[in-house]
Every structure is written in structure tokens, then in C-alpha cells.
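Report on the following structure.
The values are calculated or read from the model by the stated rules, or taken from the named source; none is laboratory data. As the structure is a prediction and not an experimental result, all values here were calculated from the model. FYI the Cβ positions are ideal-geometry reconstructions off the backbone, even for glycines, and counts take in every protein chain you see. Only protein heavy atoms, including side chains, enter the accessible area calculation; ligands, DNA and RNA are left aside. Shrake-Rupley method; radii C 1.70, N 1.55, O 1.52, S 1.80 Å.
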Amino acid sequence: MLETLVIKNYALIDDVSLRFLPGFTIITGETGAGKSIMLGALSLLLGERADTKAISDKSRKSVIEAVFSNPDPELELVFEEQGLEWNPEEILVRREISPSGRSRAFVNDSPVTLPVLISVTGNLVDIHSQNSNILLSQSSSHLSIIDAFAGNIALLAEYRADFGRYVTLRAKIRKIRERIEKNRANRDFIAFQLEQLDKINPKEGELRQIEQEFDMLSDADQLREDLGAAYNLLDGSDAGALSSLSEAMSFLAKVNLSLFVEDEGEELTKRLDNLRIEAKDIAETVRDYLERVDTNPARLARVTERMNLLYDAIKHFKVADEEALVHLHADLRHKLNAIDFGDDDVARLEKDAKVLARALKEKAEALTATRRKAAEEFASRLVETARPLGLHNLNFQVELTQGKLTADGQDSAEFMCSFNKNHAMQPMARVASGGETARLMLSIKSIMARCMHLPTVIFDEVDTGVSGDIADRMGGMMKEMGHDMQVLAITHLPQVAAKGDSHFKVYKTDEAQRTVSHVRLLDASQRVDEIASMLSGSQINEAARQNARALLDS
């Protein structure tokens, strides 16, 4: 349940801290006192869009914080999925709005995104405003009510997952067909380009290798001359470096080098031998290079022709380089194969789509079966719940019709009703007045809150358009709901206000610079005066107080 609510620097509220009790809580106050501001602040914790206009003092941030005690243990799974710390005793939720417009949300002091915030608080509290009555008149909301009553959350989620895959697969098939048709119109041109590239047959890395070979062949004579000269100086004659090194070693062998430095002879000879070995290796490498130089003019002509062919192809096909030319060659082959054999891929995907469509149809039929059963039970319970609220002649049924598969299955739902004897049932939006819609919505909320196990339900003037005995009955229904859950009701009706287990009053005062809203919990005496004021207006007399006491006693 909602245990505490703190609102700071939000609209007319400067700093309010409230502690709520279980059961049925009443919130009253004059129009414009700030009751809707409280709901607006609480709505921010449910993921509503933040508006900087609501920040009264632009020098500091706005903060809305709530503590929900004894959360449903099943909510722990949501916390695990989102990586949040779970506390079985309470959940702390906070929303901060900076003057710059930045909004931040926290759950148990961990920063979260709005979708995560919604996934948490959507299981903690439900706010029913007058706009919800308008939504009830729209048939688009009727199917979701029946699904919630039927407990179709898991089945519907499974169906929607399959439906998403089916839609994706159909889109893939459509794109393949569009691509095939587009390419088919250009088939001759694609085939012509592919034929040209097949003749060229470009290979990745080939151009760089040919360019290197061209450079070698085109400068072969000079390369042979320079490499030959180097080789001759190393090992190509008796005067070469290797011969000189060997001769030097033989002369040193005759000298007793230890006369100069002890043991120097062996070390110096070893160094000279290493130098000779390195020079011999260099000479062999130069000779190998020399042997690889090809002065064949025919080879040069072939290499030149191949290189120019690749250059011309890069230019002709308007690609950046040889790598892009190779990729174009593969892409054209793929396109032509898709044109000639793409129908086989489409046929395979169509087969997969048909299998998935059959599975979807089976799940849709399962949804329909649960909805039909739930619709009958829901209609019966709604009539039973709503008739005591003055709808004595209410007839109600849920009309389910089947159509093509959508994200919600194959069904559409329409609430059909009549409020008078011998009147044919019609869509609720056509025949229900504002007061009748309010009573139906309260009845639906009474049924659904128990089905969905919501710990806290807030009604914002759900009793608009009713009075007298009906208002008294609606208050009784909300009080009865308060036996199983926490119920908060904003009301202008004394008959409803008298039913509360606790009672808050919202009022505002004029200060030096601004008007500020306040909220206080009423004691027994204050509550009598508040209800007396609701009965008689600003002038409270003893007769009004007696009426108020009578309402409270009843």
C-alpha cells in the first residue's frame, strides 16, 4: 500500500509530507485547492511526462517521493529482471525534476528509466480519473478489460510475441519480392555487367601484386645492373668482400694477438668469421633477387595489359578500388541468383509463414475461448455489482466479434447495455449518461481491482454526476473495496466523504509572494466541520453539524 507521499516544490505545493493508512481514505477540498495537484505529482511516479512549468521555485528542483509498504512478493521478479535491489518490506520511489527540464527517476535509490519506473509502479497503484470514464466509452478499451478479467496476460504476451515474428517474416517476404521485381526489370543489364566482370574475374589483392611486378619488369635492366654490381662487390670476384674477409682471417691467424690483449686472438677471429657469414648471407640474398628479375618483354606486355584492364574496370564500373570491384562482382552474381532462384527462397519463407500463421490462429482461438467465458461471467458480475447503485434495470453483455488477426488476437469487444425496461441493448457510448458511466466504471474498478490484486486504487471524483442515495451507495462500495485493498477517493460529496476510515483536507493560503496549498489529516471534530461545510456551504451551523454527525454515524 501507499504509506507515505512527499511533495516538494511542485505547483502550489511547497513541502507536504503525508502518511496514509489502510482502508478507505477520503481527500476533500474546495475546487482549485490543490487536490488535482496531488494526483499530478503522484502520476509522475507512474511515469507521466514531467513539465518544468509545475516547478514553482525555479532555483531548486521539484521532488516527489513515495514509500509503498508490503509489496506483492511476485513483484520481486520485475526487480530481478531490471537488476534492482529488492526489499520485501517496502519500495521507495522518487522522481526529481530540475529547473532545466531534466527528469530523473529512482527505485530504492537506484536510477532507472521511465519504462522501468512504469513496470514497477504500475503494479503498486492505479489512478482512476474522470478521463477514465471517457476511455470506458471507447470500445478499444473493452477488450483489455476482458483480458485482464480473464487473466490472459501470459497467453496474450505469448501470442503477441508470435504475432511480432509473423509480421517481421511477412515484411521480409515482401521486401524480397520487391527486390526481385525491381532487379527483374534490370535483369538483362545485371547479366551484361556480370558477364563483363566474369571475363575480367577480379581477385582481391591481385592489382597490388601486378603493380609490383610491373614496376620490376619495367625497370628490369637497371635492377639487374645494380644488383649484379652489388653481388660482384660481395662475392662475384677475387676482389669481392668475402674473399677479402677470408684473406684477412688468414693473415690474423698468423699473428699472436695475445701479445696485445690476453685471449684477444680467439675473440677477434670469431667476430671476423661472424662478419664473413653475414656477408655471405647478404650476397646469396642479392643473387636470389638478381635471379628473380625478369627481362621478358612478353611478360611485361601481359602484366601491363592486365593492370590496365583492372584500371579501366574500376573506372567503368565507378567503384573506388579493386576491393570494391570484387565486391560488386559478387553482388551482381547474388542479384542474378536472387532473380533466377529467389522464388525458391520466397516459397520457403512462405511455408514458414504458414506454419506460424497456423500457430497464431490456434493461440487466437484459445484467447477467444477464454474471452467468451470471461465475458459472460464479467457481464453477470457487473450487473450484480452495478444494480445496487441505482441501475435497477441494467442489462449488460460483452459482444465479441471475430475478424482478421491483429496484435490483440482475432477479437474485438463492445460493451452493450440498456438502462431501461424493454429497450434493446446498444453500445455503451450511445446510451450511457455521465452518471451512469461513472457508476459502471466504479463497478468495473471494484471487480477488476480484486482480479488484478492491485494494493492501492485512487478515485478522482468518480462520483461526479450522482448524488443522494446513489452517492451513498457508491461510497459504500468504495469502503467495501477498502476491506481488501487501500482505496483513496477525492470527492465533493458528503455522503462519500462520511464513509472514509481517514480523511485529508486540501486547502490553500495566501502568503506574501504566492499562494500555497496545504494538506492535513482531520481529527474527529475537524471532520464533522468539513462534512458540515460540504452539506451547507461556508456557513456552518449546528443543524449542518448534526447532519454531518448522522452521516458519520451511519
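So what is the accessible area of the range 1-120 per residue, in Å², with the probe set to 1.4 Å?
Numbers: 5780 Å² over 120 residues.
Per residue, the range 1-120 has 48 Å² of solvent-accessible surface.
Got a sec? Charge dipole of the range 195-260, +1 on Cβ for Lys and Arg, -1 for Asp and Glu; which of 223, 248, 210 is way out at the positive end? About the Cα centre, the residue reaching furthest to the positive side is 248. Seen from residue 405, the other residues with C-beta closer than 12 Å to its C-beta sum to a net charge of +1, counting Lys and Arg as +1 and Asp and Glu as -1. Expressed in units of 2.2 N^0.38 Å, where N is the residue count, the Cα radius of gyration of the range 195-348 is 1.91.
Among beta bridges from DSSP that stay inside the range 399-554, the antiparallel ones total about 75%. Note on residue 421: lysines with a C-alpha under 28 Å away, same-chain residues under 8 apart excluded, are 373, 445.
Each 20 Å bin from zero up to the one holding the largest Cα-Cα distance in the chain carries the following percent of pairs: 15, 29, 18, 14, 13, 9, 2, 0. For the range 91-130, the set of trypsin sites (Lys or Arg not before Pro) satisfying both a DSSP loop assignment and a count of at most 15 other C-beta atoms within 10 Å is given as 102. Placing +1 on the Cβ of every Lys and Arg and -1 on the Cβ of every Asp and Glu, with nothing else charged, gives the range 242-368 a dipole about its Cα centre of roughly 800 debye. Let me check against my output: what whole-number percent is the relative contact order of the range 6-117, with C-alpha pairs under 8 Å and at least 6 apart? Relative contact order for the range 6-117 comes out at 25 percent. Using the 1.4 Å probe convention, the accessible area of the range 405-482 works out to 39 Å² per residue with neighbouring protein chains retained. Surface composition of the chain: carbon and sulfur make up 49 percent of the accessible area, probe 1.4 Å. Over the range 175-234, accessible surface divided per residue gives 70 Å², non-protein components excluded, 1.4 Å probe. Only aspartates and glutamates eight or more places from residue 203 in sequence, or on another chain, were considered; those with a Cα closer than 17 Å are 195, 211, 213, 305, 312, 321, 322, 323, 331.
Since only 82, 37, 59 are under comparison, the one whose Cα sits farthest along the positive direction of the charge dipole of the range 37-87, derived from C-beta charges on Lys, Arg, Asp and Glu, is 59.
Placing +1 on each Lys and Arg Cβ and -1 on each Asp and Glu Cβ, with no other charges, gives the range 404-548 a dipole about its Cα centre of roughly 160 debye. For the chain, averaging the sequence separation of C-alpha pairs within contact (under 8 Å, six or more residues apart) and dividing by the residue count gives a relative contact order of 22 percent. Computed over the range 435-542, relative contact order equals 21 percent, with contacts defined as Cα pairs under 8 Å that lie 6+ residues apart. Listed by chain and number, the lysines whose alpha-carbon sits under 23 Å from that of residue 58, ignoring those within fewer than 8 places in the same chain, are 8, 35, 508. A Cβ-based charge dipole, computed about the Cα centre of the range 24-109 with Lys and Arg at +1 and Asp and Glu at -1, lands at about 860 debye. Screening the chain for whole DSSP H helices with an alpha carbon extent of at least 24 angstrom along the helix axis and a mean Kyte-Doolittle hydropathy of at least -0.5 yields 297-316, 322-386, 434-452.
Rg(Cα) of the range 426-481 divided by 2.2 N^0.38 Å?
Compactness ratio reported: 1.17.
Ranking of 365, 181, 3 by solvent-accessible surface, largest first: 181, 365, 3 (1.4 Å probe, protein heavy atoms only, all chains present). Farthest toward the positive end of the dipole of the range 240-395, out of 293, 386, 282, is the Cα of 386, where the dipole comes from beta carbon charges about the Cα centre. Beta bridges from DSSP with both residues in the chain: antiparallel share about 70 percent, rounded to the nearest 5.
For the range 487-534, the mean projected area of the C-alpha convex hull, equal to one quarter of the hull surface, is 3.9 nm².
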